[in-house]
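Single-structure report; data block below.
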Amino acid sequence: MNRYWSELARRLSPYVPGEQPQIPGLVKLNTNESPFGPSPMAIEAVRSAATETLRLYPDPQSTRLREVLAEYHGVALEQIFVGNGSDEVLAHAFVALLRQAEPLLFPDVTYSFYPVYCQLFGVEHETVPLDDGMRVRIDDYFDRGGSIIIANPNAPTGIALSRADIERLVGARADAPVVIDEAYVDFGAETAVGLIRDHPNLLVVQTMSKSRALAGLRVGYAIGHAGLIQALTRVKDSFNSYPLGRPAQAGATAALQDETHFQTTRSAIIHNRAGLTAALTGLGFEVLPSSANFVFARHPNHTGHALATALRQRAVLVRHLSGPRVSDFIRITVGSVPDLDRLTDALAALLATPS
Ligand code: PMP
């Protein structure tokens, strides 16, 4: 069996999410959660779904939630797919859409779950390097076969492509499915949802985890041509016909109806991001131009690993990723002002300490 175990370990090499330690007083800026709570309407809807109807199976089609999403995004009900977080929606997209005769293309660097899904589902892939400014170069994807997945804004860089760039891409590659992962789109990037009408090859994936502050509820969704959505639904129905429980369906539906909370909290995050960027620049960091709820920054005198470790000793958690293009950097979630002050104070103290 020894060869079997090592082959199994090679084939199943999972994504490692940011840690969730239970340390009192910890400043947690490592997993891009919202520093603000979700809409009070969402909390109330979760509470009443949990107290009144847990005995019953949920609606397998999540129809009410999909209706509200369809109205919100100006598309038809058959153009919406929902899943248990956008990670699950993406998993279904890998199985249903992205396995083609030619390799799937995505940037190097991007969300590190993509290669994990390729490995798990046997999807051949090729990566396309970012340019010297850590940007995705759309033109590099034009003359190649295979489907495409791009996170916009990209992770972990936070750099966004314009809607015009995405339009050029889906137009130039009209023969292949193109998935745009918009997990962070609400923090200043342009959504590609409006392009779906003219581009049946485009699937846009969004999440309620970031700008709606519902990471704990696990709700993500995809918007696209009804043919793409039907393919996702077939895969879903072959795994689990009830991906979203009643509290998740009810909470997500209510969150979408609280536009004031959504706008206030996302504006506050955009505002805090500007303050964080200025503070880090003042401390000598290079900060990539972020359109997300995190920034990716490096310091000329310290490795990303050294910074993340020293911050952890001061009870501040940020994310450090390994890899040739990223290991100099730390990724910092845009938190509340007091948390960001704790971070910048800790950085100032450790940069003042001779290493
Ligand atoms: N896409 C990207 C680019 C992400 O960074 C994340 C969060 N780790 C996700 C998708 C998944 O988010 P969720 O499953 O919480 O919707």
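The values are calculated or read from the model by the stated rules, or taken from the named source; none is laboratory data. This structure is a prediction, so every number in the text was calculated from the model and none was measured. Every residue, glycine among them, receives a Cβ derived from its backbone with ideal geometry; neighbour counts consider all protein chains shown.
Of a type in the set (A, V, I, L, M, F, W, C), surrounded by 15 or more Cβ atoms within 10 Å (Cβ to Cβ) and closer than 20 Å to residue 291 by Cα: is that true of residue 136 in this structure?
Values: of a type in the set (A, V, I, L, M, F, W, C): yes; surrounded by 15 or more Cβ atoms within 10 Å (Cβ to Cβ): yes; closer than 20 Å to residue 291 by Cα: yes.
When the stated conditions are applied, residue 136 passes them.
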Item to check | residue 221 vs. criteria crowded, with 20+ Cβ neighbours inside 10 Å, under 20 Å from residue 45 (Cα atoms) and not hydrophobic (A, V, I, L, M, F, W, C) | outcome: yes
Item to check | Pairs with Cβ under 9 Å, 6+ apart, first in the stretch 57-85 and part of a loop (DSSP other than H, G, I, E, B), second surrounded by 22 or more Cβ atoms within 10 Å (Cβ to Cβ) and small (Gly, Ala, Ser) | outcome: 58/248; 62/248; 62/252; 75/224; 84/220; 84/248; 85/209; 85/220
Item to check | Qualifying positions in the stretch 159-184 - within 15 Å of the ligand (Cβ to nearest atom) and touching a Lys or Arg at 6+ places or on another chain (Cβ under 9 Å) | outcome: 159, 161, 183, 184
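Of the residues that sit in the stretch 319-339 and are over 10 Å from residue 295 (Cβ atoms) and of a type in the set (A, V, I, L, M), which one is nearest to the chain's Cα centre (by Cα)?
Within the stretch 319-339, the subset over 10 Å from residue 295 (Cβ atoms) is 319-328, 335-339.
Now drop any that are not of a type in the set (A, V, I, L, M), which leaves 321, 326, 337.
Numbers: 321: 16, 326: 17, 337: 23 Å.
Step by step, filter the stretch 319-339, then rank; the result is 321.
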Item to check | Residue ID - nearest to the ligand (Cβ to nearest atom), chosen from residues in the stretch 65-96 that are touching a Gly at 6+ places or on another chain (Cβ under 9 Å) and under 19 Å from residue 146 (Cα atoms) | outcome: 90
Checklist outcome for this item: Here, helices (runs of 4 or more DSSP H) confined to the stretch 256-355 with at least 1 residues that are touching a Pro at 6+ places or on another chain (Cβ under 7 Å) are 337-352
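Is it fair to say residue 95 is of a type in the set (A, V, I, L, M, F, W, C), outside any helix (DSSP H, G or I) and at pLDDT 95 or above?
It is false that residue 95 is of a type in the set (A, V, I, L, M, F, W, C), outside any helix (DSSP H, G or I) and at pLDDT 95 or above.
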Checklist outcome for this item: Of the residues in the stretch 107-124, those that are farther than 24 Å from residue 219 by Cα and within 16 Å of the ligand (Cβ to nearest atom) number 3
Item to check | Residue within the stretch 242-258 that is basic (Lys, Arg) and under 17 Å from residue 67 (Cβ atoms) present | outcome: yes
